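Visitor: Handing you this structure, nothing more for now.
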Amino acid sequence: MEDASVLSEQTVAWLRVSLAPGVGPRTFLKLLEQFDSPAAILHADTPALRQCGLGEAAISALKQADSPLLNACLEWASITGNQLLTLDQPAYPPLLKAIHDPPPLLFVTGNPELLSTPQLAIVGSRNPTPGGIRNAESFAEFLAACGITITSGLAIGIDGAAHRGALRSGATLAVCGTGLDRVYPARHRQLARQIAEQGVLVSEFPPGTAALPQNFPRRNRIISGLSAGTLVVEAAPKSGSLITARTALEQGREVFAIPGSIHNPQARGCHALIKQGAKLVETAQDCVDELAPLLGLSAEPPAGQEAIANSHHWQLDDDYHSLLEAMGYDPTSPDELITKTGLTAEVVSSMLLLLELEGYVSSAAGGLYCRTRK
């Protein structure tokens, strides 16, 4: 990793090739096989570049030593805290380098050393249940306290919850589907600033890149590629987080899934993964037990972590305990709870709302509720 204010000619060559239109990671790697270095690619003659399958737009861009986009990238790299990391540098994360289409160049804001630390990706629904949010935060907090960097995609829902939980006790890494001069979604600007200060933001996309749909599958392969495993917290059957899980499997990484109620649509993607061989986990310690031998970590939980996690839990009074006991873990109607507890409809409705917000219950189809934790 270089001082971004004094980029070497070699790094600028990597940048110029990566910015050429039509030169994605796979094409870049094929060019490197042919020409050995980005500098050699830039000095190659036009017929040789055509033989490699490059179009006229790409060839023209490679022949231009200057461009507005290149200048924007160099200006971005001159800002304190911003860095460029190329595939040939020792600091490039080894797990990411091992995938079949690693990004030739990474834009990095924050602590670049975290890129090579033991990582677990935590992903899931953008529309999770309150219980899913709680699981993402508590799992991430516990795992980060164990020395595992939590990697996710800065999206709303499970991603954001995982980042927030990790920041309470350790480090987190956000892989972005935009240029790092932008934050998507905009509501996560403050979270992104906090990650830049306490963790690291990463993207393969240059400054100015908008949140285009085609960027996010590319982002997902980096999330799983950086990580020893991927944990899916909640996911509908067609959730984008399942793409990350499939990519992790293709990369030879572990895949974990948290089961949920059969009545929760956001659990069906996790159940499908478990049917396909993903490891079912019920606690964060289950992940540690699986990953510790791979990452050289202790399988013992960190001292005091259980107390730390419990400090975030809302303390229930007797009426709430009675309502939960009456509910059980199968879907139950509010009318049945009113009959069992003797509480009024207004009180039961209010209590269910608070319990759902705290992650003790989740709503199911047909206006039913089911308990999600003790």
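Derivation of every value follows stated rules applied to the coordinates shown; laboratory data play no part. These figures come from a predicted structure and were not determined experimentally. So basically every Cβ, Gly included, is an ideal-geometry build from the backbone, and we count neighbours across all protein chains shown.
Visitor: Report the antiparallel proportion of the DSSP beta bridges in the chain as a percent, rounded to a multiple of 5.
Guide: Bridges in the chain are about 40 percent antiparallel.
Visitor: Given the Cα-Cα distance of Asp101 and Glu346 and 0.36 nm per residue of separation, how much length would full extension add, in nm?
Guide: Numbers: separation 245, 0.36 × 245 = 88.20 nm, distance 5.67 nm.
Taking Asp101 through Glu346 to full extension adds about 82.5 nm, to one decimal.
Visitor: Oh, and also: Could you compute how fast the range 207-282 diffuses translationally, taking Rh as the Kirkwood radius over C-alpha pairs and applying Stokes-Einstein at 20 °C with viscosity 1.002 mPa s? Give it in µm² per second.
Guide: Translational diffusion coefficient: 168 µm²/s.
Visitor: In addition: Label Ser333 and Ser60 with points 7 Å out from Cα along Cα→Cβ: what is the distance between them in nm?
Guide: 6.9
Visitor: Please report the base-10 log of the normalised intensity I(q)/I(0) for the range 158-204, using a Debye sum with one equal scatterer per alpha carbon and no solvent, at each q in 0.17, 0.18, 0.21 (1/Å).
Guide: -0.41, -0.46, -0.64
Visitor: Between Ser8 and Ala211, what is the FRET efficiency for a Förster distance of 30 Å, r being their Cβ-Cβ separation, to the nearest 0.05? Walk me through the numbers before you get to the answer.
Guide: Details: r = 31 Å, r/R0 = 1.04.
Result of the calculation: an efficiency of 0.45.
Visitor: Counting only C-alpha contacts under 8 Å and six or more residues apart, can you give the relative contact order of the chain as a whole percent?
Guide: That works out to 13 percent.
Visitor: Taking K and R as +1 and D and E as -1, what net charge do the other residues with C-beta under 14 Å from the C-beta of Lys63 add up to?
Guide: On the way: positive: Arg16, Arg50; negative: Asp45, Glu56, Asp66.
Cβ neighbours under 14 Å give a net charge of -1.
Visitor: As a test of the definition: which semi-axes, in Å, follow for the range 110-293 when you take the square root of five times each eigenvalue of its alpha carbon gyration tensor? Largest first, please.
Guide: For the range 110-293, the semi-axes come out at 23, 18, 15 Å.
Visitor: Taking only DSSP H segments of four or more residues, each worth -39500 (n - 2.57), what value at 222 nm results for the chain once the sum is divided by all its residues, to the nearest 500 deg cm²/dmol?
Guide: -13500 deg cm²/dmol
Visitor: Among Leu355, Ser37, Gln190, whose Cα projects farthest towards the positive end of the dipole of the chain, with charges put on the beta-carbon of Lys, Arg (+1) and Asp, Glu (-1)?
Guide: Farthest along the dipole direction, towards plus: Ser37.
Visitor: Given a Förster distance of 35 Å, report the FRET efficiency between Asp289 and Gln51 from their Cβ-Cβ distance, rounded to the nearest 0.05.
Guide: Values: r = 52 Å, r/R0 = 1.49.
After rounding to 0.05, the efficiency reads 0.10.
Visitor: Given that compact globular proteins tend to follow 2.2 N^0.38 Å, what is the ratio of the alpha-carbon Rg of the range 1-67 to that value?
Guide: Working: Rg = 11.6 Å, N = 67, 2.2 N^0.38 = 10.9 Å.
So the Cα radius of gyration is 1.07 times the expected 2.2 N^0.38 Å.
Visitor: Run down the aspartates and glutamates and flag those whose C-alpha is under 16 Å from the C-alpha of Lys97, throwing out any fewer than 8 positions away in its chain.
Guide: The qualifying aspartates and glutamates are Glu33, Asp88, Glu113, Glu204, Glu250.
Visitor: Springs between alpha-carbon atoms under 10 Å, Gaussian network over the chain: tell me which of Ser37, Ser18, Ser125 tops the mean-square fluctuations.
Guide: Ser37
Visitor: Taking the Cβ of Lys275 as the center, what net charge do the other residues with Cβ under 14 Å away carry, scoring Lys and Arg +1 and Asp and Glu -1?
Guide: Charge balance near Lys275 sits at +3.
Visitor: Rounded to a whole number of µm²/s, how large is the Stokes-Einstein D of the chain at 4 °C and 1.567 mPa s, given Rh as the Kirkwood radius over C-alpha pairs?
Guide: In µm²/s, the coefficient rounds to 58.
Visitor: Here's another thing I want to ask about it. List the longest stretch of the chain that has no exposed loop site; here a site is one of the chymotrypsin sites (Phe, Trp or Tyr not before Pro) assigned by DSSP to anything other than H, G, I, E or B, with at most 16 other Cβ within 10 Å. Write down the numbers at each step before the final one.
Guide: On the way: sites that count: Trp314, Tyr329.
With chymotrypsin sites (Phe, Trp or Tyr not before Pro) excluded where exposed in loops, the chain gives 1-313 as its longest stretch.
Visitor: To continue, here is another question. Determine, from the Cβ-Cβ distance of Tyr320 and Arg187 and an R0 of 30 Å, the FRET efficiency 1/(1 + (r/R0)^6), rounded to the nearest 0.05.
Guide: On the way: r = 31 Å, r/R0 = 1.02.
Calculated value: 0.45.
Visitor: Check which residues have an amide H placed less than 5 Å from Thr372's amide H, if you skip close sequence neighbours.
Guide: Answer set, sorted by chain and number: Val361, Ser362.
Visitor: Residue by residue, what Karplus-based ³J(HN,Hα) values in Hz, rounded to whole numbers, does the range 92-102 have, using 6.51, -1.76 and 1.60 with θ = phi - 60° and x for Gly and Pro?
Guide: 5, x, x, 5, 5, 5, 7, 6, 6, 9, x
Visitor: Rounded to the nearest Å, what's the spacing between the alpha carbon centres of the range 231-297 and the range 1-71? Just the number, please.
Guide: So the separation of the two Cα centres works out to 38 Å.
Visitor: Among all the lysines, which ones have a C-alpha under 23 Å from Lys238's C-alpha, if same-chain residues fewer than 8 places away are not counted?
Guide: Lys275, Lys279
Visitor: Around Gly240, with a cut-off of 14 angstrom between Cβ atoms, what is the net charge of the other residues, counting Lys and Arg +1 and Asp and Glu -1?
Guide: Once positives and negatives cancel, what remains is +4.
Visitor: Over 13 Å, how big is the tail of the calculated P(r) for the range 316-369, in percent of all Cα pairs?
Guide: For the range 316-369, the fraction of Cα-Cα distances above 13 Å is 53 percent.
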